[in-house]
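*Asks:* Take a look at the following structure, please.
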Amino acid sequence: RKGNVIITGASSGLGLATAKSLAETGKWNVVMACRDFLKAERAAKSVGMSKENYTVMHLDLASLESVRQFIDAFRRSEMPLDSLVCNAAVYYPNAKTPSFTADGFELSVGVNHLGHFYMSRLLLDDMVKSDYPSKRLVIVGSITGNTNTLAGNVPPKANLGDLRGLSGGLSGLGSTAMIDGGEYWGAKAYKDSKVCNMLTMQEFHRRYHEETGITFSSLYPGCIATTGLFREHIPLFRTLFPPFQKYITKGFVSEEEAGRRLAQVVSDRSLTKSGVYWSWNSTSASFQNELSEEASDAEKAKKVWELSDKLVGLA
Ligand code: NDP
């Protein structure tokens, strides 16, 4: 049978390119989990995906109730769940004040980390039930959360500190909206959320890989400077960023190439190792990359997991 893979945020950028790449093999039914139903349908058509290879289902990661509704709808479809890709993200590099999810969490960490955390915690059971031979849970990471890289050292750097903001609920009330309890900075909130994504993947691996056989992985797909992620940036940045990445840092990858990379992490037979953060070199060969000290801190991963469990109501 075909594999079923849920991809969050498959209506644009990396998620859409990955959906296309998997759909066109004819071996996958891609469940495009998107907040804008019509946009997702149009996006699938625009890249030439054929109807029998995808299903669009509504999901807004900025609401835990919406995550529950998505899971109910998915379960009603009676499709087995073989792989899950947590890809959606928001980035507010210029925001001066925080915005919040329906449950009152600062939006970047709320969507990128807590929404996905809740969703994958609940869907793990569904994946366990599937008889698919190579099941994978992939959480998209980023170089920007990795302070052991050049890009990860561009200020503001990711830093989760002692997690006091996270334990305070990221509500911006009383405490603050940032994980480390510091002042709100949109660019940093995004990077912090990506560190949480990479820590969550490793904690999943430690807790569940042996027992379930599921492969847990993360990746840095390369700098896809053309996606909607940079939509909130000033126009001059959006004009100069793609050529800067292409000609100066040479980190640029097209959406198609990045989509092929993420599709490999979902389905390639050589990428079944669990607990790994994948990257690609300049000839597009995959390799197991090192994470920064904070993004591989097992003690912090455990704390982030426990605090996140409390915030989404699982503990
Ligand atoms: P895009 O902005 O193109 O895609 C993000 C997707 O997330 C969109 O489909 C968007 O939906 C969706 N989304 C945003 N908020 C929500 C929400 N509340 N509920 C459901 N879906 C939501 O960016 P990219 O493709 O670049 O980003 C994809 C992933 O790649 C992210 O995890 C990002 O951190 C990562 N990444 C990107 C890099 C880059 O250079 N671009 C580099 C490294 C990692 P909609 O279409 O409705 O806006």
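The values are calculated or read from the model by the stated rules, or taken from the named source; none is laboratory data. Since we're looking at a predicted model, the values are computed, not measured. We place every Cβ from the backbone using ideal geometry, glycine too, and count neighbours over all the protein chains shown. When the accessible area is computed, the model is the full protein with side chains, heavy atoms only, and any ligands, DNA or RNA have been set aside. Shrake-Rupley method; radii C 1.70, N 1.55, O 1.52, S 1.80 Å.
*Asks:* For region 208-247, list residues with backbone N below 18 Å from a point placed 7 Å from the Cα of LYS273 toward its Cβ?
*Replies:* 209-210, 213-221
*Asks:* Please identify every one of the GluC sites (Glu not before Pro) in region 167-258 that sits in a loop by DSSP and has no more than 11 other beta carbons within 10 Å of its own beta carbon.
*Replies:* Working: sites: GLU183, GLU203, GLU210, GLU211, GLU232, GLU255, GLU256, GLU257; in loops: GLU183, GLU232.
Filter output for region 167-258: GLU183.
*Asks:* Long-range amide H contacts for TYR277: which residues qualify at under 5 Å (H placed 1.01 Å from N, peptide plane, sequence gap of 5 or more or a different chain)?
*Replies:* SER218, ASN289
*Asks:* I want to verify the translational diffusion coefficient of region 1-96 in µm²/s; compute it with Stokes-Einstein, Rh as the Kirkwood radius over Cα pairs, at 4 °C and 1.567 mPa s. Don't jump to the answer; show the numbers that get you there.
*Replies:* Working: Rh = 13.5 Å.
D = 96 µm²/s.
*Asks:* Can you show me the helix-derived [θ] at 222 nm for the chain, built from DSSP H runs with n ≥ 4 at -39,500 (n - 2.57) apiece and divided by the number of residues, rounded to the nearest 500.
*Replies:* Here the helix-only value at 222 nm equals -11500 deg cm²/dmol.
*Asks:* With 28 Å as the limit, write out which pairs from LYS188/LYS310; LYS51/LYS250; LYS250/LYS300; LYS246/LYS300; LYS39/LYS303; LYS188/LYS302 have Cα-Cα distances beyond it, or answer none. Before the final figure, lay out the partial values.
*Replies:* Numbers: LYS188/LYS310 23 Å; LYS51/LYS250 36 Å; LYS250/LYS300 33 Å; LYS246/LYS300 35 Å; LYS39/LYS303 37 Å; LYS188/LYS302 21 Å.
From LYS188/LYS310; LYS51/LYS250; LYS250/LYS300; LYS246/LYS300; LYS39/LYS303; LYS188/LYS302, over 28 Å: LYS51/LYS250; LYS250/LYS300; LYS246/LYS300; LYS39/LYS303.
*Asks:* Roughly how many Å is it from the Cα centre of region 249-284 to that of region 18-97, as a whole number?
*Replies:* The two parts, judged by their Cα centres, are 20 Å apart.
*Asks:* Could you go through region 245-255 in sequence order and give the Karplus-derived ³J(HN,Hα) for each residue, using 6.51 cos²θ - 1.76 cosθ + 1.60 with θ = phi - 60°, rounded to whole Hz, and x for Gly and Pro?
*Replies:* 5, 5, 9, 9, 7, 6, x, 5, 10, 6, 4
*Asks:* Moving to a separate point now. Just need the relative contact order of region 73-137 here, percent rounded to a whole number, with Cα pairs under 8 Å and 6+ apart. Let's see the in-between values first.
*Replies:* Working: 47 pairs, mean separation 32.3, N = 65.
Dividing the mean separation by the residue count of region 73-137 yields 50 percent.
*Asks:* Within 10 Å of each candidate Cβ there may be at most 13 other Cβ atoms; applying that plus a DSSP loop requirement, which trypsin sites (Lys or Arg not before Pro) in region 168-268 survive?
*Replies:* When the trypsin sites (Lys or Arg not before Pro) of region 168-268 are filtered for loop state and at most 13 Cβ neighbours within 10 Å, ARG231, LYS250 remain.
*Asks:* Further question on the same structure: Determine the gain in length on full extension of the stretch ASP309-SER77; use 0.36 nm per residue of separation and subtract their C-alpha separation, reporting nm with one decimal. Please list the in-between numbers first.
*Replies:* Working: separation 232, 0.36 × 232 = 83.52 nm, distance 2.70 nm.
Using 0.36 nm per residue and subtracting the Cα-Cα distance, I get 80.8 nm.
*Asks:* I would also like to ask the following. What are the radius of gyration and Dmax of the chain, computed over its Cα atoms and given in Å?
*Replies:* 18.1, 52
*Asks:* Also, quick follow-up: Please tell me the relative contact order of region 237-315 in percent, rounded to the nearest whole number, where contacts are Cα pairs under 8 Å and at least six residues apart. Working shown, then result.
*Replies:* Details: 28 pairs, mean separation 8.7, N = 79.
After rounding, I find 11 percent.
*Asks:* Consider just the alpha-carbon atoms of region 177-315 and return their Rg together with their Dmax, both in angstrom.
*Replies:* That works out to 17.0, 50 Å for Rg and Dmax.
*Asks:* Something else: Cut-off 12 Å, label point 7 angstrom out along Cα-to-Cβ of GLU293: give me the residues of region 144-164 whose amide nitrogen falls inside.
*Replies:* Output list for this probe position: 147-148.
*Asks:* With 10 Å bins from zero, work out the P(r) of region 28-174 over every alpha carbon pair and list the percent per bin.
*Replies:* Computed distribution, short to long bins: 10, 33, 34, 20, 4, 0.
*Asks:* For LYS246 and SER284 in the same chain, what is the full-extension length gain: residue separation times 0.36 nm, less their Cα-Cα distance, in nm? Mind showing how you got there, number by number?
*Replies:* Numbers: separation 38, 0.36 × 38 = 13.68 nm, distance 1.48 nm.
Here the segment from LYS246 to SER284 would lengthen by 12.2 nm.
*Asks:* On to the next question. Which far-off residues, 5 or more places away or on another chain, put their amide H under 5 Å from the one on ASN29, with H placed in the peptide plane?
*Replies:* Long-range HN contacts for ASN29: GLY3, ASN4, VAL5.
*Asks:* For the pair LYS51/LYS2, report the inter-label distance in nm, with labels modelled 7 Å from Cα in the Cβ direction.
*Replies:* Going from the LYS51 label point to the LYS2 one covers 1.2 nm.
*Asks:* What is the percent carbon and sulfur in the accessible area of the chain, measuring with a 1.4 Å probe over the protein chains and ignoring ligands? Before the final figure, lay out each step's value.
*Replies:* On the way: 7130 of 13740 Å².
Within the chain, the accessible surface is 52 percent carbon and sulfur.
*Asks:* Just to confirm, what accessible area per residue do you get for region 199-252 at 1.4 Å probe, in whole Å²? Working shown, then result.
*Replies:* Numbers: 2890 Å² over 54 residues.
The answer is 54 Å² per residue.
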